[in-house]
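Colleague: This structure is in structure tokens; I'll ask about it shortly.
The values are calculated or read from the model by the stated rules, or taken from the named source; none is laboratory data. Quantities reported herein were computed from a predicted structural model and do not represent experimental measurements. Every residue, glycine as well, gets a Cβ built from its backbone with ideal geometry; the counts of neighbours run over all protein chains shown.
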Amino acid sequence: MTLRVDGLTVRFGGNTAVDGATFEAPLGRVTGLIGPNGAGKTTTFNACSGLLRPSAGQIRLSGKDVTAMVPSARAQRGLGRTFQRMELFDSLTVEQNVAIGREARLARSRPLKQLWCPPAERTEVREATEEALELCEIGALRRETAGSLSTGQRRLVDLARVLAGGFTMLLLDEPSSGLDTAETKRFGEIVIRVVAERGCGVLLVEHDMALVMSVCEYLYVLDFGELIFEGTPEQVRASDVVRAAYLGSEAA
Ligand SMILES: Nc1ncnc2c1ncn2[C@@H]1O[C@H](COP(=O)(O)OP(=O)(O)OP(=O)(O)O)[C@@H](O)[C@H]1O
Ligand SMILES: [Mg+2]
């Protein structure tokens, strides 16, 4: 399920946060969306997942125009996301937090399921939860409450929760923020494994350049809402345009 964005423009009053961005994220690879602070990355995610209606442009999933669809309809079609400001249920266990990823997807398809869950679906939730805990290597933490975890562990629970949803396209918004170097490396390995094992697609917003360069096959670079460059990690690394955008943001 390819995510294709054409001419995406999002305005907040007089401020154009995203200006005619066109890009695609296919299955089976990690695609990066990078750029300095305020470049419009999270706004792009919000438009893709349906949290805001673009001023112009189209969002397509497998060729189907979903621009006018509510977030739950896009999720039913296989689009999942995490948030820059991660929110876990601190009083619930790791296992319960991860299970919610699947339960929420099932519940959205029929609201009454929130009141009664058939045995087959309980099995589905259990299996999806197990698989996600295993993929993220956090099975040993299953009975811990989320509130007692380190930031690194919380990030993995957040990833496991979206993986339990069984989505085919994942939008991850700065998943490594707050992680140390070793945790970031491990996080990258898990993302690569998920794509290899499931064949899903990932669109990754990330500031950690070492992570971006090691997991992304292809990158799009946003600056002040405009896509200023696209290419392989090597091409991005060698680009004067990209360097200037990052240096400009540091100087500001
Ligand atoms: N709800 C909103 N209302 C008004 N302006 C907004 C809103 N959301 C974002 N913006 C503005 O849009 C621009 C892009 O913001 P966005 O959060 O998409 O950037 P970002 O690339 O995700 O940055 P960061 O790397 O810091 O997360 C910024 O100028 C921001 O102030
Ligand atoms: Mg952001």
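Colleague: Hey, could you check segment 13-37 for residues that are free of Cβ contacts under 8 Å to residues at least 24 places away in the same chain and over 15 Å from the mean Cα position of the chain (by Cα) and say which is nearest to residue 203 (Cα to Cα)?
Modeller: So the residue we want is 15.
Colleague: Sticking with this structure for a sec: Kindly indicate which of 85, 74, 122 is more than 21 Å from the chain's Cα centre (by Cα) and either surrounded by 15 or more Cβ atoms within 10 Å (Cβ to Cβ) or not assigned by TED's automatic domain parsing to the domain that holds residue 220 (or both).
Modeller: Details: 85 fails: more than 21 Å from the chain's Cα centre (by Cα); 74 fails: more than 21 Å from the chain's Cα centre (by Cα).
Of the residues listed, the single one that is more than 21 Å from the chain's Cα centre (by Cα) and either surrounded by 15 or more Cβ atoms within 10 Å (Cβ to Cβ) or not assigned by TED's automatic domain parsing to the domain that holds residue 220 (or both) is 122.
Colleague: Also, I was wondering about something else. Which strands (runs of 3 or more DSSP E) does segment 7-123 wholly contain that include 3 or more residues that are away from ligand 2 (no atom under 16 Å from the Cβ)? Full working, then the answer.
Modeller: Values: elements: 15-25, 30-34, 56-61, 79-81.
The qualifying strands (runs of 3 or more DSSP E) are 15-25, 56-61.
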